[in-house]
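The values are calculated or read from the model by the stated rules, or taken from the named source; none is laboratory data. Not measured: the values here are computed from a predicted model. Every residue, glycine among them, receives a Cβ derived from its backbone with ideal geometry; neighbour counts consider all protein chains shown.
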Amino acid sequence: MNLFRGTTTLIFFSLFMPVFLAAGSFSILDRPGKRVKELSLVSGERSSYLDLRELVAELGDSVYWEATGERLVWIVSGRSFVFEDRLSIFSLDGELYQFVAPSLLAGSRFLVPAQLAVEYLPQFFPERFVYNKLDGLLVDRTGVPVSRKKAVSETVEIRSVDTSRAAKSDGKNYRISTVVIDPGHGGRDPGALGRRHKLTEKHLVLEISQLVVARLKGSGELKVILTRDKDVLVPLAERGSLANKNGAGLFVSIHCNASRGSDLRGASVYFLDAAKTDEERATAMLENASLQYDAEQIGPERQNEINLILQDMAQNEYLRESKDLCSFIQSEMGRLDELPEKGIRQANFAVLRGAFMPAALIETAYISNPNDESLLRNRKFRERLAEAIAGGILQYINQYHKKLDSGALKAEQK
Ligand SMILES: [Zn+2]
């Protein structure tokens, strides 16, 4: 069956082949301990890949696939996946999800990030697939036929070798070594504007973020990346993916709040979840307004895809850690006596949804309130603010590593 167009293949090879390296193998076992088939694992720039056709062939009769041009459809137990060449999103029954890297059509192979086997199959089919983090095995509990010719196997296990998540989950590589700090807005997107002193959110948060980075780097052990280090516009969709690409263990977005009236003031630290109050909803709407610039930067077609993702994404996996991160930052910011502190809150921020790691969005103060704006205008205050944010981040990392060393996290994950 020839499913791949020659022209596409040629373009693909010229653009993408140099980034690939052989990266070990991916074993499929018919029962624990007995290997029956080894699949090759391909290493890409941002992820390890599996050839979906090989995986599907080994998972047996309950799955089959067909392709239309660059789009691959895989029906599993009556549910259908759609993967598309060079898109890092895919759908299951029409709902969109995101990979850490795009699927890629490579000659006769259709490569999907190994994240599919390690993370998404167990998530979507909890009755069937279980991913054992300790030994890096995906177990198929139903036992599907390996092929029409072979007898039904009791268990199919997939040993993943080199995906980022598998590597992390072996414990020793799971430590947080990279942090991404995201100064909100930039370029044509000024963010919120002050009324008394005409301060601009994009400039304030860039400076505060740079101060945070300096303090984090001062701790000596972290790699710290800014999503922007000057006054440029970075689409919301690219901020989280920058963190994913760099294997960041934390993502922290820094903003100033604003309201229609001038009464509201104070600092809040947000994690990603549905807003519960009108104030939380208003803050999310304000920040998500930046999506209009995404549309201009990356074109309406890609924007539509991203909007669809944004409606559906929920990072439940990192909820607990994100809340912990928020509480460490919040308690440090609570020491700034002159700034009222509104606590830990939750809302649906587009910028957090693309980040596959614990994440927080900090509303440092209300730029629309004259008192808060005066505080933000003060360089000394901004330094203390940055000190508090960095302190909270470092404390979170510390306790996280302690939990990791004591084995508490593994116990939680079971
Ligand atoms: Zn903002």
Flag if residue 232 is within 16 Å of the ligand (Cβ to nearest atom) and over 12 Å from the mean Cα position of the chain (by Cα): yes
Some residue of the range 209-221 being within 13 Å of the ligand (Cβ to nearest atom) and at pLDDT 95 or above: yes
Test: residue in the range 176-189 that is under 14 Å from residue 230 (Cβ atoms) and away from the ligand (no atom under 16 Å from the Cβ): no
Matching entry among 222, 242, 236 (being under 24 Å from residue 344 (Cα atoms) and of a type outside the set (Ser, Thr, Tyr)): 236
Residue satisfying all of: in the range 36-80; modelled with pLDDT of 70 or more and of a type in the set (Val, Ile, Thr); nearest to the chain's Cα centre (by Cα) among these: 42
Residues (within 11 Å of the ligand (Cβ to nearest atom) and touching a Pro at 6+ places or on another chain (Cβ under 8 Å)) located in the range 190-199: none
Residue in the range 255-278 that is modelled with the lowest pLDDT, counting only those that are of a type outside the set (A, V, I, L, M, F, W, C) and within 15 Å of the ligand (Cβ to nearest atom): 259
Single residue of 253, 241, 259 found to be within 23 Å of residue 328 (Cα to Cα) and hydroxyl-bearing (Ser, Thr, Tyr): 253
Residues of the range 79-104 that turn out to be farther than 27 Å from residue 248 by Cα and crowded, with 22+ Cβ neighbours inside 10 Å, as a count: 1
Residue ID - farthest from the chain's Cα centre (by Cα), chosen from residues in the range 235-254 that are within 14 Å of the ligand (Cβ to nearest atom) and in a helix (DSSP H, G or I): 236
